[in-house]
Amino acid sequence: MIAVSVDRKPERVSDFVTELGISLPVCVDGPEGLAEKLDLEYLPYTFVLDGAGRIVHEGAGGEGENWAVVVETVEGLLAQEPEPTTPERRGM
């Protein structure tokens, strides 16, 4: 899991991460980066990808109902057997 911040000032992101005790990697992309390319209307916005890189959940908001679905989705993915690696999946 990673988080992507769209804040303009990396020091604000660092303070936020420290304050909340976030232990996952946080990338600073700025508002003109990924959020703009994806045309996100709401922040925070969450994407959950499976092992093959397919989006299996997406939603706006970081609390409540959306977060419960995120947790359920991730737990379901972690409980699955990994898909076998094939030459096609490795880009060969």
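We did not get these values from a lab; they are worked out from the coordinates using the rules stated. Every value quoted in this text rests on a predicted model; they were computed, and no experiment measured them.
Counting only C-alpha contacts under 8 Å and six or more residues apart, can you give the relative contact order of the range 41-81 as a whole percent? Each step should come with its number before you reach the end.
On the way: 42 pairs, mean separation 13.8, N = 41.
Taking the mean separation of contacting Cα pairs over the length of the range 41-81, I get 34 percent.
Quick check on the chain: helices-only [θ] at 222 nm, where DSSP H runs of length 4 and up contribute -39,500 (n - 2.57) each and the sum goes over total residues. Nearest 500, please.
Details: 3 runs with 31 residues, N = 92.
Only helices count here, giving -10000 deg cm²/dmol.
In degrees between 0 and 90, to the nearest 10, how far off the longest principal axis of the chain does helix 10-20 point, with axes built from Cα atoms?
So the inclination is approximately 80 degrees.
What angle, in degrees between 0 and 90 and rounded to the nearest 10, separates the Cα long axis of helix 64-79 from the longest principal axis of the Cα atoms of the chain?
For 64-79 against the chain, the angle is about 30 degrees.
For Cα extents along the principal axes in Å, several values are listed as (i) 42, 32, 25; (ii) 68, 31, 23; (iii) 42, 28, 22; flag the one computed from this structure.
Comparing each candidate, only (i) matches the computed number.
I need the shape label for the range 41-81. Rule: rounded when a/c is under 1.5, else prolate if a/b > b/c, else oblate, with a, b, c from the alpha carbon gyration tensor.
oblate
Explain nothing, just the number: relative contact order of the chain, from Cα pairs under 8 Å at least 6 residues apart, as a whole percent.
Working: 84 pairs, mean separation 18.2, N = 92.
The value is 20 percent.
Quote the relative contact order of the range 19-68 in percent (integer), defining contacts as alpha-carbon pairs under 8 Å separated by 6+ residues. Provide the component values of the computation, followed by the final result.
Working: 34 pairs, mean separation 12.0, N = 50.
Result for the range 19-68 is 24 percent.
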